[in-house]
Ligand SMILES: [Mg+2]
């Protein structure tokens with residue numbers, strides 16, 4: 001069987017319709033006074049949208065093969081991401097053999113080093129990479145997890161991220177991760193509220209139900225250590241992303257200072273194997289949490305996970321739905337996955353990329369059978385009712 005070549009790459013943004021998962025209106029737990037680095041400025045404390053968390057929007061990358069098969073992927077990047085895909089990355093993809101994903105990745109990464117390495121360039125690169133894996137799976141009529149060597153377990157098990165771990169427990173999840181609400185600038189009262197929220201949740205759930213806390217880069221070392229010790233009696237399993245992502249030294253010291261048995265986790269805003277190598281070499285954390293749409297795509301996540309394996313660290317990717325699931329199920333050192341509760345009250349299970357994706361599988365009783373991933377590629381479709389916009393059209397086959 002000859003492998004098709006890649007005929008065309010197209011990059012889209014999504015217009016309206018609530019298709020951007022940060023583009024929420026009305027109350028949503030995900031934007032309710034969550035502690036962030038910007039919360040030291042009182043005017044930016046109440047909402048992450050206030051400082052622009054939603055400005056980029058969604059990036060959809062489509063790749064079309066010479067046999068007319070089309071693959072796609074979704075990440076964060078919006079118009080700037082689309083520009084990078086169309087005007088820079090596409091040249092390393094179009095005309096190449098679909099099976100040459102490693103070479104394509106290498107050329108996209110090396111050619112953008114002078115302005116890339118992290119952030120939106122790597123998001124865009126990740127989108128192209130994921131679209132290529134999706135296309136390869138569709139051409140070969142195999143789910144991506146089988147292209148990666150196959151599943152190592154029959155089902156995925158999930159913890160839930162959201163404001164209501166008590167409801168997550170009744171929905172069958174193995175743990176619940178709360179967002180931290182108060183920044184150190186909110187003083188002792190904020191500290192007490194932060195501790196009380198976890199304590200109250202512990203009273204509502206079983207003693208063995210996992211409780212975790214996501215700090216979204218908002219703390220300093222002294223506060224994080226104090227918080228970890230205050231939460232230890234309430235059985236906190238892990239403290240996530242406590243410090244700024246560039247503070248490798250802080251993470252190293254934090255991991256040494258937390259109570260025995262409590263995990264330090266981070267990596268959601270880290271990128272490429274080079275960044276994760278630093279986290280591992282410096283002993284910064286127990287669990288790496290790369291986002292496959294932001295860290296360099298599936299090709300790079302494979303390298304990151306191999307590094308983690310050699311260091312005895314777990315990889316529990318950040319959100320990302322099917323793009324993570326197909327990976328997690330192939331790895332011994334990724335024993336469970338994150339499920340982001342996208343319902344405004346975190347009270348029901350809804351697909352993370354709703355309404356943009358169709359056929360997106362969701363956990364039932366906190367679990368998902370691998371056979372539910374048994375469709376070619378990542379197994380999802382773009383919802384034709386979501387309006388895609390291609391801001392930087394180049395010559396080539398139209399959509
Ligand atoms: Mg997080």
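Every read-out reported here was derived from the displayed coordinates using simple, explicitly stated rules and does not represent laboratory data. This is a predicted model, so every value here is computed, not measured.
With the helix formula -39500 (n - 2.57) applied to DSSP H stretches of n ≥ 4, the chain reaches a computed 222 nm mean residue ellipticity of -9500 deg cm²/dmol. As I understand it, the value is the acute angle between the Cα axis of helix 120-140 and the longest principal axis of the Cα atoms of the chain; what does it come to in degrees, rounded to 10? Between the helix axis and the principal axis of the chain, the angle is about 60 degrees.
Calculated on the Cα set of the stretch 1-141, radius of gyration then Dmax: 17.6, 61 Å.
When you restrict to C-alpha pairs under 8 Å that are six or more residues apart and normalise by the size of the stretch 147-373, the relative contact order lands at 23 percent.
Of all DSSP beta bridges located in the chain, what percent are antiparallel, nearest 5?
Numbers: 23 of 46 bridges.
Among the beta bridges of the chain, antiparallel pairing accounts for roughly 50 percent.
For the stretch 147-373, taking Cα atoms only, Rg and Dmax work out to 16.9, 51 Å respectively. What percent does the relative contact order of the chain come to when contacts are Cα pairs within less than 8 Å and at least six residues apart? Relative contact order, the chain: 21 percent.
Considering only 175, 366, 261, the mean-square fluctuation computed in a Gaussian network model of the chain, springs between alpha carbons under 10 angstrom, is largest for 261.
Helix 297-310 and the longest principal axis of the Cα set of the chain meet at an angle near 50°. For the stretch 88-224, the relative contact order is 16 percent, taking Cα pairs closer than 8 Å that sit 6 or more residues apart in sequence and dividing their mean separation by the residue count.
The orientation-averaged projection of the convex hull spanning the C-alpha atoms of the stretch 290-399 amounts to 9.1 square nanometres.
For the options 294, 29, 238, a Gaussian network treatment of the chain with springs between C-alpha atoms closer than 10 Å singles out 29 as fluctuating the most.
In the chain, the alpha-carbon atoms span a convex hull of 130 Å³ per residue. Pairs of C-alpha atoms in the stretch 102-176 farther apart than 17 Å represent 65 percent of all such pairs. Of 255, 204, 138, which has the largest mean-square fluctuation in a 10 Å C-alpha GNM of the chain? Highest fluctuation among the options: 204.
Between the helical axis of 78-87 and the longest alpha-carbon principal axis of the chain there is an angle of about 40 degrees.
Structural size metrics of the stretch 203-329, computed from C-alpha coordinates, are Rg and Dmax of 14.3, 42 Å.
DSSP finds beta bridges in the stretch 147-373, and of those with both partners inside it, around 15 percent are antiparallel.
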